[in-house]
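Reviewing the structure listed below.
Coordinate-derived values only; no laboratory data. This one's a predicted model, so the numbers in the text were calculated from it and none came from an experiment. Every residue, glycine as well, gets a Cβ built from its backbone with ideal geometry; the counts of neighbours run over all protein chains shown.
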Amino acid sequence: MKRLRLPITLFLLLLVLFYGAGFVYAQAETAESVLTRVAELLSASKFNEAIALFDAIPPPEKDSSGIKLLKASVLSSAGKYAEARAIAEAVAAAEPQNTEPLFVLASIEAVSGRQRQQQAALEKIIKIQPGNIEALIALGNVSLQSRAIKAAASYFDQVLVKNPRNAEALIGLSRAYRMNTEWDNAEYLLNELVRLYPDMVDARTERGRFYWGRGFMLQALADYDEAKRLAANDYWIAIDRGNLLLEMNRRSQALEEFSRAIQINPAEYQAYAYTAGLKDDLGDTDGAERDYAILAKLKPDYYFALEGLGLHKMKNEKWAEARDAFMEAYRQAPNEHCYGLLAAINQMRADNRPESLANARTFLAQVQAKVTRDTLLWYMVRLFYDFTSRNYLGESDMITRIDRTTDLTLKARMMFYMALYYEVRGNASTANMYYQFVAETKAQTIPEWRLNEWILADRGLK
């Protein structure tokens, strides 16, 4: 998973505050106080308010290139790329030998996804300062993104000629070798990186990812163990290490690591997606339900969390809560029509009042209108629709259609819904028969599999 980085605006702002620039002179206190407030607003992601504060900086500071570039960076972080670009380009045109506006412009183009323009800005820097290490490294990374491996290697080599100990260049060149399947060269550079910087976290994780990708899991784990020691509170190292343990089939240890990530940052959602599934696998269904509920709150558009939550609510016969979970999942993923069917089924099971069935019937009509006609799912939705009007015709036809399908995964899903159909009808023995049919398919990839297994276990049918 991609690591989140501090906005470039905050970095540039701190650079200005700590190192000072030529634009702060007579009224330094006033300028510094404004910039301090800008930093506070940026840390709270209040970009528009931070942008407005630049008007409070008095001249001549307000009109200096440093302040203009700082404002451009804030505009870029706010997603106002055109305004940011216009300011940086104006400063670059006014000061053609100044590389700072070009660096800011390159950063703007990078975050706005304009890779060619980013590269062009960096190449202008190299023309002004042929040996600029920062620009060479950036060009190398841009080349890697576009898979221009030879060009990338050339840029990193130029840096290493100037400074053989440059960590970013060593990492970049090792990646170029990996992309070119030159494994020995890549490993040599990564070993050199670790030798030069034994306490650098990135050195350990970079080599760990290399070993992981090559299938040397124990060596990868050793590097991630060291990275964990060096950065015990790094959320993403915990996530990566948990994934590594998961791939090594050390599920209990992986759960511990993902749980540690939650302790580090309980407001970040990714770890809950892992802990919920692992707790299910390891039999802690109550814990899994709690984690799915937290995940759904932290990431409302992550419909897999709502799916997991709905299945758990069904397991515990909390039909109304299951209905609400699947209804929201269907809203988030309108093409996953089984969510709509499950929402309606749970509505039907919540109570058996005529108005409840009428509501389910209305919703099923909406679902059926969205499903491709004459598919198995379309007929299944229609079967439940007919049931809400107490018309039981069509179930034998549905069973015949399921028997005829050669798609084992689809067959498993439809048999599961036949089991639910008989549950709603109050025919538990026939429902049990279909739950067992689902188990025989071994279709463990379907979302309904886990609930099917729970039902069989609860009824002593496994």
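List of remarks:
- Compactness of region 134-197, taken as the C-alpha radius of gyration over 2.2 N^0.38 Å, stands at 0.99.
- Separation between Cα centres of region 264-283 and region 184-263, rounded to whole Å: 19 Å
- Kirkwood hydrodynamic radius computed over region 145-253 comes to 14.4 Å, based on all pairs of distinct alpha carbons.
- Length-normalised contact order of region 357-418 in % [C-alpha pairs under 8 Å, at least 6 apart]: 30 percent
- Proximal lysines relative to LYS127, as straight alpha-carbon distance under 18 Å, when same-chain residues fewer than 8 apart are discounted: LYS162
- Neighbour-count ranking [beta-carbon atoms within 10 angstrom, fewest first] of THR362, THR441: THR362, THR441
- Between region 55-133 and region 398-462, the C-alpha centres lie 61 angstrom from each other.
- Each Cα pair under 8 Å and six or more residues apart adds its sequence gap; the mean of these over the residue count of region 285-428 is a relative contact order of 14 percent.
- Anisotropy class of region 337-410 from Cα gyration tensor, a/c 1.5 cut: prolate
- Nearest-ten-degree value, helix 395-404 long axis tilted from longest Cα axis of the chain: 60 degrees
- Quick note on the chain: its Rg to Rh ratio, both from C-alpha atoms and Rh being the Kirkwood radius, is 1.10.
- Tensor-based shape of region 92-170 (alpha-carbon gyration tensor, a/c under 1.5 rounded, otherwise prolate or oblate): oblate
- The slack between GLU317 and ARG114, meaning 0.36 nm per residue of separation minus the straight C-alpha distance, is 67.9 nm.
- Filter on LYS46/LYS318; LYS318/LYS370; LYS124/LYS150 - keep pairs with C-alpha separation over 30 Å: LYS46/LYS318
- Normalised by the number of residues in the chain, the average gap of Cα pairs under 8 Å and 6 or more apart makes the relative contact order 5 percent.
- Each residue in ASP324, ASP184, ASP202 was given a count of other beta-carbon atoms within 10 angstrom of its own, and listing them fewest first yields ASP184, ASP202, ASP324.
- Computed helical MRE - 222 nm, the chain, DSSP H runs ≥ 4 contributing -39500 (n - 2.57), nearest 500: -24000 deg cm²/dmol
- Candidate lysines for bridging to LYS462, where Cα separation is under 18 Å - those fewer than 8 sequence places away on the same chain excluded: LYS315, LYS442
- Degrees separating the helix 149-162 axis from the principal Cα axis of the chain, which is the longest one: 40 degrees
- Taking the C-alpha atoms only, the angle from helix 201-214 to the longest principal axis of the chain is near 50 degrees.
- Region 386-462: C-alpha gyration tensor shape, a/c 1.5 cut-off, then a/b vs b/c: oblate
- Fewest neighbouring Cβ atoms within 10 Å first, the residues SER65, SER252 line up as SER252, SER65.
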